[in-house]
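Working notes for the structure below.
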Amino acid sequence: MNVSITGAKILYTFPIKVPLLGRFTITETLLVSWLVMLLITGLCIWLTHDLKVENISKRQAFAEMLVEMADKFVIGNMGERFRYMIPFIAALFSTSVISNLISLTGVLRSPTADLSTEAGWALVVFVMITKQKIKTNGFGGYCKSFTTPIVVMTPFNILSELATPVSMACRHFGNILSGLVINTLIYEALALASAAILGLLPGLVGQIASNIPILSVGLPAITSVYFDWFSGCMQAFIFCMLTVMYIALEAGDE
């Protein structure tokens, strides 16, 4: 299999060429991203099935708790007028969390370990931020903001504007990929150490025992608590927090 620049395996390339886009390819990141969306869709259908007003089930209580948490997060940081943002932020957070944690299966590679995933999210958020700026200041005011405090600063202000989606994407991508790399290095290092130590045993016993990565059992699971569980949830929270704060900041006292 071929490997793309971002590290996602190319699973299949369609022979039909799309004008201006080249060949359409299906990558590992794309397939796992679809799987994440199916999981979220299935979970939402299950949680919202057979809703009741009285004598609600534990499933419905959990679903209501998630909705209340999303409401408090968005309204608490953005204000009541941004209530319409709740579904988007909730979808962004849930997609990020499940994408980050899906690598715990040991079989699937996290889509967020591919820069193209975060770049797509950051681009959507950047469009929403720009839309809010134009809505608040008008198109003329938005363009004029690049010339403040003096016209000479225009190129630097443009670069600063473009740096927003880049920093959001790279921050999320860097933390997830680094955790994946560190966990892999720890596992491989322990496997080599296990082979070296057990290989010291005499005869056939040493040959067989050296192929069993005994030292790889336990410690990688401990480091995974931080690099996968804690870091994965934290990066999803930070990405969503930056999204709501950037948009709310541009809204001002509108």
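Treating only the Cβ atoms of Lys and Arg (+1) and Asp and Glu (-1) as charged, compute the dipole magnitude of the range 97-254 about its Cα centre; round to the nearest 20 debye.
Taking the Cα centre of the range 97-254 as origin, the dipole is about 180 debye.
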Problem - Overall form of the range 28-175 per C-alpha gyration tensor (a/c, 1.5; a/b vs b/c) - result: oblate
Problem - Reach of LYS144 by Cα under 16 Å, taken over aspartates and glutamates that are not fewer than 8 positions away in the same chain - result: GLU161, GLU250
Problem - Highest-first arrangement of 117-130, 39-52, where packing means the average Cβ count within 10 Å - result: 117-130, 39-52
Exercise for the section: Rounded to whole Hz and in sequence order, give me ³J(HN,Hα) for the range 108-113 from the Karplus expression 6.51 cos²θ - 1.76 cosθ + 1.60, θ = phi - 60°, writing x for Gly and Pro. Expected result: 8, 8, 4, x, 6, 8
Completion exercise
Spelling it out for THR27: with amide H atoms placed in the peptide plane at 1.01 Å from N, the residues 5 or more places away or on another chain with amide H under 5 Å from its amide H are LEU11
Completion exercise
Semi-axes of the range 130-214 from the Cα gyration tensor (sqrt of 5 times each eigenvalue, largest first, whole Å) come to 60, 12, 5
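Which entries in LYS72/LYS135; LYS52/LYS135; LYS72/LYS131 show an alpha-carbon gap greater than 28 Å?
From LYS72/LYS135; LYS52/LYS135; LYS72/LYS131, over 28 Å: LYS52/LYS135.
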Exercise for the section: Find the percent of Cα-Cα distances in the range 105-174 that exceed 18 Å, and round it to a whole number. Expected result: 52
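Rule-based calculations on the coordinates, nothing more; no lab input. What you see is a predicted model; the values in this text were computed from it and never measured. Using ideal geometry, Cβ is built from the backbone for each residue, glycine included, and neighbour counts are taken over all protein chains shown.
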